[in-house]
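To start, the structure itself, in structure tokens.
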Amino acid sequence: MPSGFKGFFIAFSVWAAFVLGALFGLYWGGHYYRIASVAGVLPESVRSFFFPGSNLVQLGSQIEGILDSGYYQPVHNSSLENAAINGMVGSLNDPYTEYFTPDEYQQFEDQAQGTFVGIGVTIEPQGGDLTVVSVLDNSPAQQAGIQAGDLIIAINGQSLSGKTADQAEAAMKGKEGTTLTLHIKRGQQEFDKSAVRKSLALPIESDKMLNHNSKKIGYIRLDQFSVGAGTKVRAADDKLVKEGAQGIILDLRNNGGGLLDEAVSVGSVFIKSGVIVSVAGRDSGKQTYNAQGGANATIPLVVLVNGYTASASEIVAGAIKDDHRGLLIGQKTFGKGVVQSLDPLGNGGALKFTSGSYYTPSGANINKIGIQPDIQATDNPNTPADEVIERGLAALAP
């Protein structure tokens, strides 16, 4: 695993599921897969158990040879392999498990580090659709009028039916200066939006001081849990406190998540001790992640959430709610209660797979359920004020 990911993904063994997916994928995925490339990454003991005599390996190689020599058009072996792997992974019917080609893997790693070429949207699967959960400020997507809640139906005329969120996001990345056309569904309307790709550095964190009823309230917005998110939130909190903040608003609205370790790091900025989150794999039991120490554990805290607060954001929100450390204000969160691991493959690509479920400190799994806020509030887009922030200010400075 590249150094940028060391320590940021939970590693659980899923070889059995991986192999079963390969077997089902041969038929259900609609592709015959060259099993040799899968078997080559399996431990010898597992390979010999599931592939006695290597019959499936030989069969896959035989099929590839037949197509190489007899198919009426030239055959690109890498295309066969990529399509077959996608068929195998797709047989799991898990929107968060997917295969990255080498190019897609590089793009994924770049974004986790905070830089990429694209239009600046984050997507999550929701109800069978690929939904925009966040749009970066001053990004091509924002300038084109794309909004959180939009459904992405097609990219450059290619339907996204059956595609994962990461595959859709990878398709939106590309060469700087090139134009991308998205087919959008918003409510009952469908239309196209075009945006020009550009190099983007994620504005992971932004902060400012607000004043309400003669009190100073620090405001911290976190856009994504990429590398360094916890360090930046801690630095922002320290700065605002030194400037006289008497309360903190942490805004996690439209934050689609990111790295697990960064969620633990952000939670540790405010929670003094105890469990931040527990993760359980199929066979490994629970692994508990505790607060890391050095928290600002006394300053009044409000966390803003909405329907696109997902994954790592929900880990932080759930820990703060269960610890009674602060108030959650806004709308029910997205409801992604599973975590993924990332394993590099021998061809330069990678497999991202769901490796476990996570649980809040109280033991709740919020997958497909979400977290209810302590105080309901909704921002009215037709007014200049942000009513959710104002509700947070009222809670901290009545």
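Data for the structure
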item	result
Links that overshoot a 22 Å alpha carbon limit, given the list 163/232; 198/368; 232/352; 185/352; 216/239	163/232; 198/368; 232/352; 185/352
Highest-first arrangement of 374-381, 65-72, where packing means the average Cβ count within 10 Å	374-381, 65-72
Peptides ranked, highest mean first, by Cβ atoms within 10 Å: ranges 289-298, 99-108	99-108, 289-298
Cα gyration tensor shape for the range 94-152, rounded if a/c is under 1.5, else prolate or oblate	oblate
Gain upon complete extension [residue 185, residue 273; 0.36 nm per residue less C-alpha separation]	27.2 nm
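Each value in this text was obtained by applying a stated rule to the coordinates, not by laboratory testing. The model shown is predicted, which means the values in this text are computed figures rather than measured ones. Cβ: placed from backbone, ideal geometry, glycine included. Neighbour counts: every protein chain shown.
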